[in-house]
Structures are given as structure tokens and as C-alpha cells.
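Worksheet: the structure to be examined is printed underneath.
Derivation of every value follows stated rules applied to the coordinates shown; laboratory data play no part. Here the structure is a predicted model, which is why all the values come from computation and not from measurement. Ideal geometry is used to build each Cβ from the backbone, glycine not excepted, and the neighbour counts take in all protein chains shown.
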Amino acid sequence: AVVVVAANLATTFGLIVVGGEEAPDLLGSAPVARARIRTLKVAAALVPVAILVLPLLAWLAARDPASALVLAPFLAAAVVSSAMVHVWATPLGGSGRELKPRGARDIGVRFVDLFASFGWAGAAYLAMAGSWWWLAPVPLGLAGPLAALVVGRAARALP
């Protein structure tokens, strides 16, 4: 549950970071590469989630260090995956006024992100249970960012 909730928070922050900018023309004309802008947007979506999740991981590490070591990589993968899906799948530009309509338009991206976060959560659960079946849901978790990268390239190529 922690993995899905953290991924959902990263999704929300990713949507806010992508769609909440009020001066997209300023970002577009900045003397910075677009890839750098996207990287900074992913970081901006991840920092608040990390601030909220790290105390939980610290508490779990104090109680059961082995579980914390198993959970941490899956938690990080889910959060990074969710932020990257929304930043990669959305073209640069837009304004904060378009945040609600853009969210309604990108329902397919949200489903891809949801299934990816369930993949990471399933992998975390199975790994914490000690099963080698944790490898089975990992491709589902990786499919989200890969699909967003492919779809995002097409969306960024549009004028």
C-alpha cells in the first residue's frame, strides 16, 4: 500500500509540475536544454514525496532493517516511474489554467501509470514475502515509463 500511495503522490506532483506552469513560453525560450527542464521537473515532483516517505522508511528500518532494505528500491522505482510517466508523456508548454482539462485528456497515461505502480507494489509485496516471483511484476512496472517515453516522443514532436 505504501508503494501505491507514494506513486500516487508522485503522479499528483508530476501533474502539478507539468500542468501548473504559468509561463510556458518563458521555459521554452530559456537557454537551457529541454531535457534539463524535464529532469528538473521530475526532481521537483520527487522531492515532496521523498520528504514524506523517508520518515516511514526510517521507522521501518528501526523496526525491521531487512524489510526496509527490500522495500526501499521498489518504493523508489515506483515513485520515479510515476513522476517520469507524467513528465515524459506530456509535451512542454501549457498553462496552469489547462491543468484540469489536461488531466481529463490524459486518462490513458493515468491508467499506464496506475498499472505500473501496481506492478511495483506487487513486486515489493512478493519480495518482502521472500518469494522469487517478485520478478514477474517488474516488467509491468517498467512498462509505464517505457510507454510514456514512446508516447511522449510523439507528443513532443507535435507543433
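Each of Leu54 and Leu135 was given a label point 7 Å from its Cα along the Cα-to-Cβ line. The distance between the two points is 3.4 nm. For the pair Ile16 and Ile107 in one chain, pulling the backbone fully straight at 0.36 nm per residue adds 31.2 nm over the alpha carbon distance.
Scalar couplings 3J(HN,Hα) for segment 111-125, obtained by applying the Karplus form with A = 6.51, B = -1.76, C = 1.60 to θ = phi - 60°, are 5, 4, 5, 4, 5, 5, 5, 5, x, 5, 5, x, 5, 5, 4 Hz; x denotes Gly and Pro.
Between Leu146 and Asp64, what length in nm is gained on full extension when 0.36 nm per residue of separation is reduced by their alpha carbon distance? Don't jump to the answer; show the numbers that get you there.
Numbers: separation 82, 0.36 × 82 = 29.52 nm, distance 3.32 nm.
Full extension of this stretch gives 26.2 nm more.
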